Amino acid sequence: MVGALKLAGASVLRSTSPTGSAAAAQEAPPSTSFRRHSTPDLTAVKAPLLPAMPEPDEGGVAAGAMTTTRSENPSAGGAGSLDGVGADRTVRRRSLLFGSRRLTVDTKQKLIADLIEKETQKPSDAIDSSGCTSKQHPAAAIQTPGMVLSVWGSATNDDDRFQPYFAQKRMNFDGEIRRMQHRIGLMSHRGFKPDAPNQDDFFVLARSESLLFGVMDGHGPNGHIVSHFTQERLPAKIMEHLRQDNEDWRRAVRQSVETLTNVAKREMLDKATDSGTTVTVAMLDRVPLGAGPDGEPERGGQCLRLRTAFLGDSIAVHASRASSSSAWEVSVLTDIHRPDRPDEEERIKAAGGGVLPAGFSCPGSPSRLITPEWGLAMSRSFGDFHCVKYGLSHKPEFSSAVELRPDAEHLVLICSDGIWDVIPPAQAAAFVGKFRPDEAQLAVERLVAKAQLRWQEIGEVVDDITAILVWPSFEASSESSTPSGDVS
């Protein structure tokens, strides 16, 4: 646990990751683009440099305008309460490559159910056909029939490399999504990486007593295949183990990853040898409240418990505040797996691998695990079998369980590094926290749009960006699925 630091007078950032890395609690100066790499972790991609952009139209997101200053009227929510974001729903950016490029946020989409409704109501012969398909997630098959609501990424194929840049990833859904207990926003956009489709993936599986959700960020030539394989299969294995013992989260995830790794070696060794994915998963469930002031458990009270597990660098964040007039206290739940993290570096070198220090190739570049054939900017992942004998680990790490008490407001944010490379955790949490809980979808759309703009301002590529925002609800719910997949 790293000591708390105030960020721009708005949010407290502290690390609850396993090793308590000091890097997880850095003070970001206001109105400054802060990121782990000044050079994106995307190799061998040479695209025309996006020129300096003019100021956006009135109401757009001004370059560098993001701060973590808390709104004086947080309860107002919506676009009007965002620093640097006005009421206009369209941000216009011009470049030599795209011509006039619009990053559009539909202010009517307040929750993920609204986005799904909008997509499924499109005519079948529309030019921009629906990006949503009614389909059951494989993990739902091991649960009580009709009791799981799901939203998850569709498989990416080779043709998706011809999808427009910044296109929303197609998704599947199952059940009456509006019955989800928790307020959820979800967005996954393809970046600007010529010859590469969106390699991110995601899933949300909701039951009346729990919510399991996660983000995968693929890398390598087949990263999108590995990330989707993991997204479809890992949740089912975790749920199988939790049905036997719901309290042993770490054993459930650890054994699930180990089993799935062996399956991948049998079924897709050719794809996962030189490609892999990050994995960050979280689970919310109900438990009795902890000990009260007298040291005894509080009678009849319940809270939510947040448990997380991770491989790689897709960060999970929990933020809480006592009331809408308080500042957000932000906890980073993951200590990302970089090869130069002391314990990771020791394992890699003992196995015969090398570690290229951060900043070696250029200022701000990430450290890398070096093998005779490859360099990887993380020390743990799913897949990447060629790196295992040089110290890469497939063993997930875990943060301590977090008790979410009903006398405070909470939000949980899991994103791929398309967010974190350009927006630090405290700023991201403060940004989405200015929206109301029932505007979770609008909040992540604005967050993704802001990250895209920052990527365009700093380099030649824009990474794929995926974000899941959850505003936990303490009200009981009878979530269930319907065979028709109706979302009304």
* To do: Kindly provide the set of residues from the range 340-367 that are in contact (Cβ under 8 Å) with a residue 24 or more places away in the chain and in contact with an Asp or Glu (Cβ under 9 Å, 6 or more places away or on another chain), ordered by number.
  => 341, 365, 366, 367
* Hey, among 412, 388, 432, which residue is closer than 22 Å to residue 219 by Cβ and of a type in the set (Val, Ile, Thr)? -> 388
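Take the residues in the range 122-138 that are part of a loop (DSSP other than H, G, I, E, B) and in contact with a strand residue (DSSP E or B) (Cβ under 6 Å, 6 or more places away or on another chain), then tell me which one is modelled with the lowest pLDDT. Show your work before the answer.
Within the range 122-138, the first condition is being part of a loop (DSSP other than H, G, I, E, B), and the residues that meet it are 122-131, 135-137.
Cutting the leftovers down to in contact with a strand residue (DSSP E or B) (Cβ under 6 Å, 6 or more places away or on another chain) gives us 131, 135-137.
Working: 131: 83, 135: 90, 136: 89, 137: 91.
Among those residues, the one meeting the criterion is 131.
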* Considering only residues that are at pLDDT 95 or above, part of a helix (DSSP H, G or I) and polar (S, T, N, Q), look in the range 237-283 and name the one that is surrounded by the fewest Cβ atoms within 10 Å (Cβ to Cβ). => 262
* Structure fact -> Taking the range 148-171 and the residues there that are open to solvent by less than 10 Å² (accessible area, probe 1.4 Å) and assigned to a strand (DSSP E or B), the one that is farthest from residue 221 (Cα to Cα) would be 149
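Residue-wise test of (1) aromatic (Phe, Trp, Tyr); (2) farther than 24 Å from residue 465 by Cα; (3) touching a helix residue (DSSP H, G or I) at 6+ places or on another chain (Cβ under 6 Å); (4) assigned to a strand (DSSP E or B).
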position	(1), (2), (3), (4)
345	no, yes, no, no
360	yes, yes, no, no
400	no, yes, no, no
412	no, no, no, yes
443	no, no, yes, no
* **Filter result (open to solvent by less than 40 Å² (accessible area, probe 1.4 Å), at pLDDT 65 or above and part of a loop (DSSP other than H, G, I, E, B)) within the range 454-488** => 459, 461, 463, 464, 472, 473
* Filter result (under 27 Å from residue 255 (Cα atoms) and open to solvent by 50 Å² or more (accessible area, probe 1.4 Å)) within the range 346-387 -> 346, 347, 349, 350, 352
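The values are calculated or read from the model by the stated rules, or taken from the named source; none is laboratory data. A quick note: this is a predicted structure, and the numbers were derived from the prediction, not measured. Don't worry about glycine lacking a Cβ; one is built from the backbone with ideal geometry, like all the others, and counts go over all protein chains shown. Accessible surface areas use protein heavy atoms only, side chains included; no ligands, DNA or RNA. Shrake-Rupley method; radii C 1.70, N 1.55, O 1.52, S 1.80 Å.
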